[in-house]
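Trainee: Attaching a single structure in structure tokens format; questions to follow.
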Amino acid sequence: MPSPKIDVRTSPLGNPDVVSFFIKGSALPAGVPSEEFDGAPNSTLLLRDRNQRTLLVGLGEKEKIEPDTLRRAAGTAAKQLLKLGAKEIALDLIPFPDHVGPAVEGALLAGYKFEGFGRDPAKKTRGVLGKLQVLVKEHELTNARVQARTAETVTSTVNIIRDIGNLPGNMLTPAILADKAEELAQGRGLTVKVWNERQLKSEGFGGILAVGQGSANPPRLIVIEYRGGGKKDAPIALVGKAVTFDTGGISIKPGAQMDEMKWDKMGGLAVLGTMLAASDLKLPVNLIGLIPSAENMPGPGAYRPGDIITTRDGKTIEVLNTDAEGRIILADAISHARLTYKPSVIVEYSTLTGAVIMALGFQRAGLFTAEEKLREAFMAAGKITGERVWPLPVDEEYKEGVQSEIATVKNIGGREGSACISASFVKTWAEQTPFVHLDIAGTAWTTKPPSYLEGGATGFGVRLTIQVLRAGLPV
Ligand code: BES
Ligand code: ZN
Ligand code: ZN
């Protein structure tokens, strides 16, 4: 889907539908009775004056307005106007010149639609935003243009990965994902290396190979490099789980909602999206993105409960449940990051556990790190981007859950505290490198989207990480 054109200006051009943001308690336009509109967050009222439509959208009380308030309000407005057949929308941001970024993001994210594979061409473009105008005062034009451009760059990569994320398992195998990563990296100053099965075998990536060996679609490791920082600066490693479909393997999952496991690749896509956005924004950092990708199937060659696997750095895993596969492919990728690139920090994204959904619901991702400064950086970025996270512990104590008699660790602990036990499992492979684990199982896709998204892949993690990087990662 092409991204909409954005025009930042001082007054509307042509005849766009105008969105006017409204603070609760301020004066209503003439002729609007207060019973009809109270300005509560995301409440709307459509005004018509001859052939001009203006949509009032509430922000709630002035004191409570934060970036996500504007993002949500703009998303609500864009969706509503698109439903009414709007072709071009103008956001009146004259009173909010510092919230141009989030408002544009909200509108652009809301203007995305997964095309799907139906046969009705009209359905594919209905609800898709074509053009967006942003209105600000003359002296804010430069400031607003910078914000709008950044928002456009980031949301367009988010929408690209939402598109890939929504593809089903038969259309997106590890090899296809690798092809897409190579294609998207072209012309962006990124280098991509894709490891195939043979190469993975010769370098001892026993985890990725084990998880992938039950599938007819072989696994891959995708490594993407972006060098925007100093020559000698240690890179930041971003590692993301990309299980293109998770049946559970021999420890097979129940049938209900198993289709949702096509989204078990969203951690890897968060990494891909962040790499694309970081290079488009020319961020002054060095990044290595590592995306281990496999399809977890119960085929004739499948790995089994009881198997012992040796990962890239020689540590061993006793497999007790083949459905706890994400941590196994991550173990290889994290040790590869540590041994080969000596990063200053490793940030890892995965739809790792159902347990994190029990803990935090769909509202927040689990944030696991022992580093206070990193925790604060991600929390702050979460507030700004609306991609909210919440800290959960990864103390050494949780490692007791994965002690094995016959290997370095076993791949499952008990049910209690399972999100934390899984986090401590993954952290084992980072050793002394500062480490952040984001369990995005509850936030990577949605069936109850906020106003600026639709059901399906959310792209969670890209906007969050770009914000952390722009603010300067404290390492
Ligand atoms: N991909 C799943 C985690 C998941 C479950 C994500 C539901 C989103 C929604 C992961 O591979 C998995 O199956 N985890 C198991 C671990 C268990 C076997 C220890 C889980 O969470 O049940
Ligand atoms: Zn699983
Ligand atoms: Zn999984």
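The values are calculated or read from the model by the stated rules, or taken from the named source; none is laboratory data. From a predicted model like this one, the values you see are computed outputs, not experimental measurements. Neighbour counts run over all protein chains shown; Cβ positions are idealised from the backbone, glycine included.
Trainee: Determine which member of the set Lys62, Lys24 is over 15 Å from Ile89 (Cα atoms), exposed (fewer than 13 other Cβ atoms within 10 Å of the Cβ), at pLDDT 95 or above and in the same structural domain as Ile89 (by TED's automatic domain parsing). Break it down stepwise before answering.
Mentor: Values: Lys24 fails: exposed (fewer than 13 other Cβ atoms within 10 Å of the Cβ).
So the residue among Lys62, Lys24 that is over 15 Å from Ile89 (Cα atoms), exposed (fewer than 13 other Cβ atoms within 10 Å of the Cβ), at pLDDT 95 or above and in the same structural domain as Ile89 (by TED's automatic domain parsing) is Lys62.
Trainee: Which members of the stretch 441-467 meet the condition of being in contact with a strand residue (DSSP E or B) (Cβ under 8 Å, 6 or more places away or on another chain) and closer than 17 Å to Ala377 by Cα?
Mentor: Once the filter is applied, which keeps residues that are in contact with a strand residue (DSSP E or B) (Cβ under 8 Å, 6 or more places away or on another chain) and closer than 17 Å to Ala377 by Cα, the stretch 441-467 yields Phe460, Gly461, Leu464, Thr465.
Trainee: Here is a follow-up. Within the bounds of the stretch 260-268, is there any residue that is within 16 Å of ligand 2 (Cβ to nearest atom), under 25 Å from the mean Cα position of the chain (by Cα), surrounded by fewer than 18 Cβ atoms within 10 Å (Cβ to Cβ) and assigned by TED's automatic domain parsing to the domain that holds Ala407?
Mentor: Yes: the stretch 260-268 contains one or more residues that are within 16 Å of ligand 2 (Cβ to nearest atom), under 25 Å from the mean Cα position of the chain (by Cα), surrounded by fewer than 18 Cβ atoms within 10 Å (Cβ to Cβ) and assigned by TED's automatic domain parsing to the domain that holds Ala407.
Trainee: Moving to a separate point now. Among Leu177, Leu209, which is within 16 Å of ligand 3 (Cβ to nearest atom), touching a strand residue (DSSP E or B) at 6+ places or on another chain (Cβ under 9 Å) and part of a helix (DSSP H, G or I)?
Mentor: On the way: Leu209 fails: within 16 Å of ligand 3 (Cβ to nearest atom).
Result: Leu177 is the single residue among Leu177, Leu209 that is within 16 Å of ligand 3 (Cβ to nearest atom), touching a strand residue (DSSP E or B) at 6+ places or on another chain (Cβ under 9 Å) and part of a helix (DSSP H, G or I).
Trainee: When the stretch 47-78 is examined, which residues are found to be without any contact (Cβ under 8 Å) to a residue 24 or more places away in the chain and outside any loop (DSSP other than H, G, I, E, B)?
Mentor: So in the stretch 47-78, the residues without any contact (Cβ under 8 Å) to a residue 24 or more places away in the chain come out as 47-50, 63-64.
Those that are without any contact (Cβ under 8 Å) to a residue 24 or more places away in the chain and outside any loop (DSSP other than H, G, I, E, B): Leu47, Arg48, Asp49, Glu63, Lys64.
Trainee: Quick one: Leu339 ticks every box in (1) surrounded by fewer than 24 Cβ atoms within 10 Å (Cβ to Cβ); (2) in contact (Cβ under 8 Å) with a residue 40 or more places away in the chain; (3) more than 12 Å from ligand 1 (Cβ to nearest atom) except a single one, so which number is it?
Mentor: Going through (1) surrounded by fewer than 24 Cβ atoms within 10 Å (Cβ to Cβ); (2) in contact (Cβ under 8 Å) with a residue 40 or more places away in the chain; (3) more than 12 Å from ligand 1 (Cβ to nearest atom) one by one, Leu339 breaks only (2).
Trainee: List the number of the failed condition for Gly442; all other conditions in (1) over 23 Å from Pro41 (Cβ atoms); (2) crowded, with 18+ Cβ neighbours inside 10 Å; (3) within 16 Å of ligand 2 (Cβ to nearest atom) hold.
Mentor: (1)
Trainee: Which is within 16 Å of ligand 3 (Cβ to nearest atom), touching a residue at least 24 places away in the same chain (Cβ under 8 Å) and more than 28 Å from Val158 (Cβ to Cβ), of Thr311, Thr322, Thr316?
Mentor: Among Thr311, Thr322, Thr316, only Thr322 is within 16 Å of ligand 3 (Cβ to nearest atom), touching a residue at least 24 places away in the same chain (Cβ under 8 Å) and more than 28 Å from Val158 (Cβ to Cβ).
Trainee: What's the total number of residues in the stretch 410-422 that are under 20 Å from Thr316 (Cβ atoms) and in contact with a strand residue (DSSP E or B) (Cβ under 6 Å, 6 or more places away or on another chain)?
Mentor: Initially, the stretch 410-422 is screened for residues under 20 Å from Thr316 (Cβ atoms), giving 410-413, 421-422.
Those still in the list that are in contact with a strand residue (DSSP E or B) (Cβ under 6 Å, 6 or more places away or on another chain) too: 410-411.
Total meeting the criteria: 2.
Trainee: Let me ask something else. Return the pairs, sorted by first residue and then second, in which the second residue is surrounded by 19 or more Cβ atoms within 10 Å (Cβ to Cβ), the first residue lies in the stretch 12-34 and is among the acidic types (Asp, Glu), the beta carbons are less than 6 Å apart, and the residues are 6+ apart or on different chains.
Mentor: Asp17/Leu81; Asp17/Ala86; Asp17/Ile89
Trainee: For Arg198, state whether it is surrounded by 19 or more Cβ atoms within 10 Å (Cβ to Cβ) and either assigned by TED's automatic domain parsing to the domain that holds Ile328 or of a type in the set (D, E, K, R) (or both).
Mentor: no
Trainee: Tell me which residues, restricted to the stretch 203-227, are closer than 16 Å to Asp264 by Cα and surrounded by fewer than 24 Cβ atoms within 10 Å (Cβ to Cβ).
Mentor: Ser215, Asn217
Trainee: Now a separate question. Scan the stretch 445-459 for residues that are more than 9 Å from ligand 1 (Cβ to nearest atom), within 30 Å of Ala370 (Cα to Cα) and crowded, with 20+ Cβ neighbours inside 10 Å and jot them down. Even if it seems obvious, please write down each step before you answer.
Mentor: Initially, the stretch 445-459 is screened for residues more than 9 Å from ligand 1 (Cβ to nearest atom), giving 446-459.
From what's left, within 30 Å of Ala370 (Cα to Cα): 446, 457-459.
Hits for the stretch 445-459 are Ala457, Thr458, Gly459.
Trainee: Considering only residues that are β-branched (Val, Ile, Thr) and away from ligand 1 (no atom under 16 Å from the Cβ), which ones fall in the stretch 230-249?
Mentor: If the condition is that a residue be β-branched (Val, Ile, Thr) and away from ligand 1 (no atom under 16 Å from the Cβ), then Ile236 is the only one that fits.
Trainee: For the stretch 248-285: of the residues being among the β-branched types (Val, Ile, Thr) and touching a helix residue (DSSP H, G or I) at 6+ places or on another chain (Cβ under 7 Å), which is farthest from Ala302 (Cα to Cα)?
Mentor: Out of the qualifying residues, it is Val285.
Trainee: Next question. Is it the case that Ile334 is crowded, with 23+ Cβ neighbours inside 10 Å, within 15 Å of ligand 1 (Cβ to nearest atom) and not in a loop (DSSP other than H, G, I, E, B)?
Mentor: Answer is no for this residue.
Trainee: Being of a type outside the set (D, E, K, R), away from ligand 1 (no atom under 16 Å from the Cβ), within 25 Å of the chain's Cα centre (by Cα) and surrounded by fewer than 19 Cβ atoms within 10 Å (Cβ to Cβ): is that true of Leu290 here?
Mentor: no
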